[in-house]
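The values are calculated or read from the model by the stated rules, or taken from the named source; none is laboratory data. Quick caveat, the model's predicted, so the values are computed rather than measured. Quick reminder, even Gly has a Cβ in these numbers, built from the backbone with ideal geometry, and neighbours come from all protein chains shown. Surface accessibility is based on the protein's heavy atoms, side chains included, excluding ligands, DNA and RNA. Shrake-Rupley method; radii C 1.70, N 1.55, O 1.52, S 1.80 Å.
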Amino acid sequence: MFSPADADWMRLALGEAERAVNHATPNPRVGCVLVKDGQVIGSGHTQPPGEPHAEVMALRDARNRGANVAGATAYVTLEPCSHFGRTPPCVDALVEARIARVVAAIEDPNPLVAGRGFARLREAGIEVRVGLLATEATEMNLGFIKRMTTGLPWVRVKMAISLDGRTGLADGRSKWITGPEARRDGHRFRARACAVATGVGTVRHDDPALTVRDLDFERPVRQPRRFVFDHLGITPPEAQVLDHATGGATLILADRVPPDLPAHVRTVHFPDGRGKIDFVAALRWMAGEGVNELHLEAGARLSGPLIETGLADELLVYVAPKLLGHSAREMFTLSAPATPAEARSFDLHDVARFSDDVRLIYRTL
């Protein structure tokens with residue numbers, strides 16, 4: 001069905017999609033490569049919201065090169081959109097350009113598209129083939145796919161721990177367990193996220209800014225949105241995460257509102273009826289706000305319940321070659337299983353090394 005050359009061109013399209021990882025949100029990250037007579041004549045990737053999508057950028061690139069796109073094959077990592085949003089439908093642009101063939105990695109899970117783009121192309125006489133490098137294309141847009149299919153964001157829980165599974169000393173000090181290379185890698189995951197979240201305990205103990213720093217990108221850094229889970233209503237008004245200059249944060253509350261909040265701080269309430277926060281309701285609201293990937297950097301009392309209730313999709317764990325002792329802070333607050341066989345299990349997705357630190361990525365089974 002697909003030739004080795006098809007796979008090579010799609011890999012180039014995936015490389016284009018990778019260039020959109022840090023700025024496409026809430027849209028999917030999409031790459032497109034136009035090929036004619038065995039040569040790439042145009043390429044492009046999704047621009048920030050409100051700007052052109054990958055297919056339009058590739059067509060524009062081809063025309064800037066002076067290429068005739070009629071009869072070309074378009075390799076796209078996601079089904080071209082067929083509806084009007086912030087921009088016109090990409091299928092219309094492909095049809096008008098007289099593209100002869102479209103090879104797509106996966107169908108768009110957005111109910112507004114969901115096969116309609118392919119149908120429109122076929123109606124126009126364009127050959128359509130789907131399923132090339134689907135696994136890689138799905139990985140590129142895990143958050144978008146989950147939001148479209150479940151109404152929830154992809155939740156990534158990040159932890160930096162010692163060899164004995166501790167996140168900081170008993171007095172709360174935790175900077176820095178890992179080295180600079182591992183910390184920069186953690187910032188890359190912040191950068192790709194639509195939003196970064198933490199708990200009020202972490203805000204009070206560590207006062208994190210939760211911004212993306214010390215990374216070089218093609219375009220200015222898009223700072224992710226920031227959320228603080230605070231069921232007690234005790235977020236300090238002077239906390240760095242609330243700083244207006246870096247975007248401020250939204251407080252996810254149960255009932256109580258912290259006193260003396262700056263005017264720019266937004267608050268939303270999701271009480272569970274027991275004085276805590278309804279996590280499912282909060283995550284659904286975030287998805288409605290366009291959050292595809294939520295990156296959580298929090299303590300044991302917030303991370304643990306999210307994992308225990310099955311709301312965490314991925315664990316991003318950095319392990320440092322240090323021992324902090326039994327009195328140090330634990331990774332997660334979890335209830336104990338009745339037997340080892342009943343323990344929550346994960347699938348090891350990836351392993352990487354940063355100097356003497358090791359990064360482990362686990363996915364829920």
Task: Candidate set: the stretch 202-220, residues that are open to solvent by less than 60 Å² (accessible area, probe 1.4 Å) and assigned to a loop (DSSP other than H, G, I, E, B); chosen: the one farthest from Ala263 (Cα to Cα) - done: Leu215
Task: Extreme residue, farthest from Asn27 (Cα to Cα), among residues of the stretch 168-185 that are out of contact with any His (no Cβ under 9 Å at 6 or more places or on another chain) and crowded, with 20+ Cβ neighbours inside 10 Å - done: Ile177
Open item on the list: For the stretch 141-168, give me each residue that is over 19 Å from Thr198 (Cα atoms), touching a Leu at 6+ places or on another chain (Cβ under 8 Å) and modelled with pLDDT under 95.
Closed with: Ser162, Leu163, Asp164
TODO: Inspect all residues belonging to the stretch 210-220 and state whether any of them is in contact with a strand residue (DSSP E or B) (Cβ under 7 Å, 6 or more places away or on another chain) and in contact (Cβ under 8 Å) with a residue 24 or more places away in the chain.
DONE: yes
TODO: Tell me the helices (runs of 4 or more DSSP H) entirely within the stretch 115-168 that contain at least 1 residues that are touching a helix residue (DSSP H, G or I) at 6+ places or on another chain (Cβ under 6 Å), within 19 Å of Val76 (Cβ to Cβ) and charged (D, E, K, R).
DONE: 116-123, 134-140
TODO: Please specify each residue of the stretch 244-268 satisfying the condition of being among the β-branched types (Val, Ile, Thr), open to solvent by 50 Å² or more (accessible area, probe 1.4 Å) and in a loop (DSSP other than H, G, I, E, B).
DONE: Val257
Open item on the list: I need a count of the residues in the stretch 333-354 that are at pLDDT 95 or above and among the small types (Gly, Ala, Ser).
Closed with: 1
Open item on the list: Going through Val228, Val196, Val241 one at a time, which residue ends up being closer than 23 Å to His269 by Cβ, open to solvent by less than 60 Å² (accessible area, probe 1.4 Å), at pLDDT 95 or above and assigned to a helix (DSSP H, G or I)?
Closed with: Val241
TODO: Please enumerate the residues belonging to the stretch 277-332 that are in a loop (DSSP other than H, G, I, E, B), among the charged types (D, E, K, R) and modelled with pLDDT of 95 or more.
DONE: Asp278, Glu289, Glu297, Asp313
Open item on the list: Thr235 - would you say it is of a type in the set (Ser, Thr, Tyr), within 25 Å of Pro153 (Cα to Cα) and either open to solvent by less than 10 Å² (accessible area, probe 1.4 Å) or over 23 Å from the mean Cα position of the chain (by Cα) (or both)?
Closed with: yes
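Evaluate the stretch 280-293: report whether one residue or more is among the aliphatic types (A, V, I, L, M), touching a helix residue (DSSP H, G or I) at 6+ places or on another chain (Cβ under 7 Å), surrounded by fewer than 21 Cβ atoms within 10 Å (Cβ to Cβ) and in contact (Cβ under 8 Å) with a residue 12 or more places away in the chain.
Among the residues of the stretch 280-293, not one is among the aliphatic types (A, V, I, L, M), touching a helix residue (DSSP H, G or I) at 6+ places or on another chain (Cβ under 7 Å), surrounded by fewer than 21 Cβ atoms within 10 Å (Cβ to Cβ) and in contact (Cβ under 8 Å) with a residue 12 or more places away in the chain, which makes the answer no.
For every residue, the table says whether it meets (1) open to solvent by 20 Å² or more (accessible area, probe 1.4 Å); (2) closer than 21 Å to Gly131 by Cβ.
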| site | (1), (2) |
| --- | --- |
| Arg11 | yes, yes |
| Gly15 | yes, yes |
| Asn27 | yes, no |
| Pro48 | yes, no |
| Asp61 | yes, no |
| Asn64 | yes, no |
| Asn68 | yes, no |
| Leu94 | no, yes |
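Yes/no matrix, rows are residues, columns are (1) touching a residue at least 40 places away in the same chain (Cβ under 8 Å); (2) under 25 Å from Ala239 (Cα atoms); (3) touching a Lys or Arg at 6+ places or on another chain (Cβ under 8 Å):
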| residue | (1), (2), (3) |
| --- | --- |
| Glu123 | no, no, no |
| Glu127 | no, no, yes |
| Arg147 | yes, no, no |
| Ser162 | yes, no, yes |
| Asp185 | yes, yes, yes |
Task: Test: residue in the stretch 103-117 that is open to solvent by 30 Å² or more (accessible area, probe 1.4 Å), under 30 Å from Arg284 (Cβ atoms) and over 23 Å from the mean Cα position of the chain (by Cα) - done: yes
